[in-house]
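**Q** Here it is, the structure, as structure tokens.
Just so you know, all these numbers are worked out from the coordinates, no wet-lab data involved. Predicted model, so just to flag it, every value in this text is computed and none were measured. Virtual Cβ from ideal backbone geometry, glycine too; neighbours counted across all protein chains shown.
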Amino acid sequence: MIIVYGIPNCDTVKKARTWLDDQGLAYQFHDYKKQGVPADKLPHWLQTLGWEKVLNRAGTTWRKLDDATKAGVTDAASAAALMQAQPSVIKRPLVEWADGRLSVGFSAELFASHR
């Protein structure tokens, strides 16, 4: 089963979900706002993808953080703590594919490569 992690009002998440729907691919949507960040999955994501790839430094949530908080994110542990407290700093969508592979972000080419 494909699991798409994100927030429903994110434009990139919407594009990803539309692409999956258009391809007729079944998936489960995990809403960070309602369900939080799965604490059992986050360490695996950070180890597999790298915490710097998962952390969204371009987003509004990151930009609104004070400089001390930003400066405190220096490794996987500090990034994980911030991601648990502020799920919107996780790049979206994060997708767990049926074969166990992970991806971050959306492009039709990226998603097609994981089919």
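**Q** Which percentage, to the nearest 5, of the DSSP beta bridges contained in the chain is antiparallel? Kindly include the intermediate steps, with their values, before the conclusion.
**A** Details: 7 of 12 bridges.
Restricted to the chain, the bridges split so that about 60 percent are antiparallel.
**Q** Given the pairs K34/K70; K70/K91; K15/K64; K53/K91; K41/K70, which are separated by over 19 angstrom at their Cα positions? Write out the running numbers ahead of the final one.
**A** Working: K34/K70 25 Å; K70/K91 16 Å; K15/K64 25 Å; K53/K91 8 Å; K41/K70 23 Å.
Where the Cα-Cα span goes over 19 Å, the pairs concerned are K34/K70; K15/K64; K41/K70.
**Q** I've got another one for you. Mean-square fluctuation check for the chain, GNM, Cα pairs under 10 Å: which of A16, A39, A68 is largest?
**A** A68
**Q** Additional query: Only counting other Cβ atoms within 10 Å, I'd like M1, M83 sorted with the fewest neighbours first.
**A** Ranked by crowding around the Cβ, least crowded first: M1, M83.
**Q** Just need the relative contact order of the chain here, percent rounded to a whole number, with Cα pairs under 8 Å and 6+ apart.
**A** Values: 141 pairs, mean separation 41.1, N = 115.
The value is 36 percent.
**Q** Express in nm, to one decimal, how much length is gained between E109 and L25 on full extension, taking 0.36 nm for each residue of separation and deducting their alpha carbon distance.
**A** Roughly 28.7 nm would be gained on extension.
**Q** What length, rounded to one decimal in nm, is gained on full extension from L65 through to M1, with 0.36 nm per residue of separation minus their alpha-carbon distance?
**A** Result for the pair: 19.6 nm of gain on full extension.
**Q** Hey, another quick one. Dipole size in debye (nearest 20) for the chain around its Cα centre, Lys and Arg Cβ +1, Asp and Glu Cβ -1?
**A** Dipole of the chain, to the nearest 20 debye: 220 debye.
**Q** Looking at W51, P38, P8, which one has the Cα that reaches farthest to the positive end of the dipole of the chain (charges on Cβ: Lys, Arg +1; Asp, Glu -1)?
**A** P8
**Q** Still on this structure: Top mean-square fluctuation among K53, K64, K14, Gaussian network model of the chain, C-alpha springs under 10 Å?
**A** K64
**Q** Still on this structure: Got a sec to turn the phi values of the stretch 58-63 into Karplus ³J(HN,Hα) couplings, 6.51 cos²θ - 1.76 cosθ + 1.60 with θ = phi - 60°, whole Hz, x for Gly and Pro?
**A** 8, x, 4, 4, 4, 4
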